[in-house]
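One structure below.
The values are calculated or read from the model by the stated rules, or taken from the named source; none is laboratory data. Quick caveat: nothing in here was measured; it's all calculated off a predicted structure. Here the Cβ positions follow ideal geometry from the backbone for every residue, glycine too, while neighbour counts run over all protein chains shown. Surface accessibility is based on the protein's heavy atoms, side chains included, excluding ligands, DNA and RNA. Shrake-Rupley method; radii C 1.70, N 1.55, O 1.52, S 1.80 Å.
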Amino acid sequence: MNTIGVLTSGGDSPGMNAAIRAVVRNAISNGCKVLGVKRGYDGLINGQLEEMNLSSVADIIHRGGTILRTARSEEFRTEEGRMRALNVLKVFGIEGLVVIGGDGSFRGAQKLSELGIPTIGVPGTIDNDLAYTDYTIGFDTAMNTVVDAISKIRDTSASHGRANIIEVMGRHCGDIALYAGLAGGAESIIIPEVGLDIDQVCKKLIKGKNRGKLHSIIVLAEGVGGAIELGGVIEEKTGIETRATILGHIQRGGSPTAFDRILASKMGAKAVDLLLEGKGSLVVGVQGNKTFSIDIDEALSLEKKLEEDAYQLADILSI
Ligand code: F6P
């Protein structure tokens, strides 16, 4: 293989730059030319590519976002869009492609593999919603951002004796809420995998108040509903003054944690190794401390399961 392409697609996540760096440097170390595709599949369709060298990825391992930029491409969902992308890949002589993104991006990678371009997916999303891998790149950083926010909100929560709801991202997956809630000592964690039991949440709040708790932190995953609406219901049912904070895109930015940088470096390099071994139609994951690869179709067919023990533990420890 002489020429490898790399793109980032979908929602950005901290650590994507570290993954791009690993792809570029491992490919160049192995004598390959690397073309960076700008703005995900949209940029691929429109031929926005440029050759990357060792310096293109200098000084980026610590930076959030993605230097290649990203997009959620509607055009690539159409057959015409994909044909245009395929044509661009052929014109630029790209023999293998690394796609860094989440499940939507992997579906695109699956399509390109079916069209004969060996494509490897690297999981880059803060959501940690891919069942086949323990972690996705960006989740750890986002979780730490939320924990930091919880600590700050806890201060003001205690000062005022209020309940504070913190709405976090994650789409249909509750991992950010669950693990940040556990790490932040939240009183209640509300996630899509379990659903909302409003009476239980209110009961816990009142019990906490009665035993002298000053602060009350409720972490709500966006997949369950909105924090502002929930705040109104809680205030009405308990009489406890309640405030809502929607953390939003703050969770998508910032310098990646060491964990995310290491994960991204390992996964990006692994993707190139797989292409050089002549493989395609795979995604890279991590289990324990080891990176591995699995067929894209299989990876996408697996259903993400809640870590029940962690959920129960958070509940027990927040009495
Ligand atoms: O998939 C990452 C994510 O941040 C989700 O947690 C969130 O629901 C969504 O993207 C937001 O997307 P956008 O930035 O396009 O509004």
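Can you tell me which residue within region 111-148, out of those that are part of a helix (DSSP H, G or I) and within 11 Å of the ligand (Cβ to nearest atom), is nearest to Gly64 (Cα to Cα)? Within region 111-148, the match that is nearest to Gly64 (Cα to Cα) is Ala142.
Here is a yes/no grid of residues against (1) under 30 Å from Ile217 (Cα atoms); (2) in a strand (DSSP E or B):
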position	(1), (2)
Lys266	no, no
Gly278	no, no
Val286	no, yes
Ile294	no, yes
Asp297	no, no
Leu306	yes, no
Ala310	yes, no
Leu313	yes, no
Ile319	yes, no
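Residue count for region 176-200, restricted to those that are touching a helix residue (DSSP H, G or I) at 6+ places or on another chain (Cβ under 7 Å) and in a helix (DSSP H, G or I): 9. Among residues of region 50-81 being assigned to a helix (DSSP H, G or I) and among the hydroxyl-bearing types (Ser, Thr, Tyr), the one that is nearest to the chain's Cα centre (by Cα) is Ser56. Scanning region 190-198 for residues that are away from the ligand (no atom under 15 Å from the Cβ), touching a strand residue (DSSP E or B) at 6+ places or on another chain (Cβ under 8 Å) and not small (Gly, Ala, Ser) turns up at least one hit.
Restricting attention to region 95-110 and to residues that are in a helix (DSSP H, G or I) and not acidic (Asp, Glu), the residue that is farthest from the chain's Cα centre (by Cα) turns out to be Gln110.
The set of residues in region 221-257 that are more than 14 Å from the ligand (Cβ to nearest atom), touching a helix residue (DSSP H, G or I) at 6+ places or on another chain (Cβ under 9 Å) and assigned to a helix (DSSP H, G or I) comprises Leu230, Val233, Ile234, Lys237, Thr238.
Let's see how each residue does on (1) in contact (Cβ under 8 Å) with a residue 60 or more places away in the chain; (2) within 16 Å of the ligand (Cβ to nearest atom); (3) charged (D, E, K, R); (4) not assigned by TED's automatic domain parsing to the domain that holds Gly104:
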position	(1), (2), (3), (4)
Ile28	no, no, no, no
Cys32	yes, no, no, no
Ala58	no, no, no, no
Gly65	yes, yes, no, no
Glu80	no, no, yes, no
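Filtering region 95-110 to residues that are open to solvent by 10 Å² or more (accessible area, probe 1.4 Å) and either more than 16 Å from the ligand (Cβ to nearest atom) or aliphatic (A, V, I, L, M) (or both) leaves Glu95, Gln110. Assessment of region 271-281 against the conditions (in the same structural domain as Leu97 (by TED's automatic domain parsing), in contact (Cβ under 8 Å) with a residue 12 or more places away in the chain, of a type in the set (Lys, Arg) and more than 16 Å from the ligand (Cβ to nearest atom)) yields at least one matching residue. Of all residues in region 212-237, those satisfying the criterion of being open to solvent by 40 Å² or more (accessible area, probe 1.4 Å), among the charged types (D, E, K, R) and closer than 15 Å to Ala163 by Cα are Glu229, Glu235, Glu236, Lys237.
Set side by side, the residues Gly47, Gly15, Gly10 differ, and just one is open to solvent by 10 Å² or more (accessible area, probe 1.4 Å), touching a residue at least 24 places away in the same chain (Cβ under 8 Å) and within 16 Å of the ligand (Cβ to nearest atom), which is Gly10. Within region 238-258, residues that are among the small types (Gly, Ala, Ser) have Cβ atoms under 8 Å from residues that are part of a loop (DSSP other than H, G, I, E, B) and away from the ligand (no atom under 16 Å from the Cβ) in these pairs: Ser255/His62; Ser255/Arg63, counting only partners at least 6 apart in sequence or on another chain.
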